[in-house]
1. Of all residues in segment 223-258, which are in contact with an Asp or Glu (Cβ under 9 Å, 6 or more places away or on another chain) and closer than 30 Å to residue 106 by Cα?
2. When you scan segment 222-240, do you find a residue that is in contact (Cβ under 8 Å) with a residue 40 or more places away in the chain and not in a helix (DSSP H, G or I), even just one?
3. Collect the residues in segment 215-238 that are over 18 Å from residue 65 (Cα atoms) and either exposed (fewer than 14 other Cβ atoms within 10 Å of the Cβ) or at pLDDT 85 or above (or both), keeping them in residue-number order.
4. With surrounded by fewer than 15 Cβ atoms within 10 Å (Cβ to Cβ), at pLDDT 55 or above and under 30 Å from residue 129 (Cα atoms) as the only criterion, which of 83, 75 stands out?
5. Regarding residue 79, is this residue farther than 30 Å from residue 228 by Cβ and of a type in the set (Phe, Trp, Tyr)?
6. Yes or no: segment 195-208 includes at least one residue that is surrounded by 15 or more Cβ atoms within 10 Å (Cβ to Cβ) and basic (Lys, Arg).
7. Residues being within 26 Å of the chain's Cα centre (by Cα) and among the polar types (S, T, N, Q): count how many of those fall in segment 128-153.
8. Select from segment 60-115 the residues that are over 20 Å from residue 183 (Cα atoms), of a type in the set (S, T, N, Q), free of Cβ contacts under 8 Å to residues at least 40 places away in the same chain and in a loop (DSSP other than H, G, I, E, B) and list them in ascending order.
Amino acid sequence: MQRTAPSLMLIASALAFLLTSSPAQAQSDAPSAPAAAGDAAAEPASIEPKPLLDENGNPFPEPRPKAPDFNAEIAATRFAELAMADVLMELALGQLVKQNGETKSVRDYAHRIVTNHTAIQLILAKSAAASGVTLPTDLTPEQMQVLERLSAFSGEALDREYLWEQSLRQPRTMAMYRWQYDNCDDDKLKVFVVGTTPIIQVHTRIADELHKKVNAQEIRLLELRVEAERKAEQERKQAEAQAAADAAAKKSTRKFKK
């Protein structure tokens, strides 16, 4: 009998093995196919907003801090304490701007603040003493931080920063006096409130007028920033919605083809 060549026997064995292997085994042994390019689009990533730029292509100024929430409905004794703290701060800031400010209208306003609050300090101290209220004599740590920050400026820069600070402070002070004007239950402090409220009202009005004039450019840019942020957020949401719709359509098409 003629002997079978070893090479032919090896080939026959390999064919037998392939024929007896299960389809599942063949599939598991086969290399996995790369993921379709469209699969990544099925879960669209969040779209980052575009940089906010003004009409000249420059970044907008950073948003200014807003005044913290404040409840003006407080007891007369607490009002006296806060009113004196406010007086001390107004005197410190007013003196700073009188010495280092530049714009005449702002320095004149600071002079008015110092003159008026020097008198307010004396009247408030007398009224509080008659009512047995102990008043602060020094700035708080938070007030010192504000004063130190503004002390780093001079000239027109100080004028601008001072009026930004006043734009936050004066409405709060006015609200505090206005509520006491209607509700103060301490007779001696009530006299002080009635006599001082018109002065605070004038301070608030002048500060607002100066702020809108001196800081007009920055106020405008900050208003444009708010509008640009609103528009950018709207565009981002629309782009994400469109990307999600496109991904869903591609996924549906792939299932249909299968």
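The values are calculated or read from the model by the stated rules, or taken from the named source; none is laboratory data. Worth saying up front: this structure is predicted, and the values here are computed from it rather than measured. In this analysis, Cβ positions are derived from the backbone assuming ideal geometry, glycine residues included, and neighbour counts consider all displayed protein chains.
1. Listed by number, the residues that qualify are 224, 225.
2. no
3. If the condition is that a residue be over 18 Å from residue 65 (Cα atoms) and either exposed (fewer than 14 other Cβ atoms within 10 Å of the Cβ) or at pLDDT 85 or above (or both), then 230, 231, 233, 234, 235, 237, 238 are the ones that fit.
4. Criteria check complete, one pass: 75.
5. Yes.
6. no
7. Of the residues in that region, 4 qualify.
8. none
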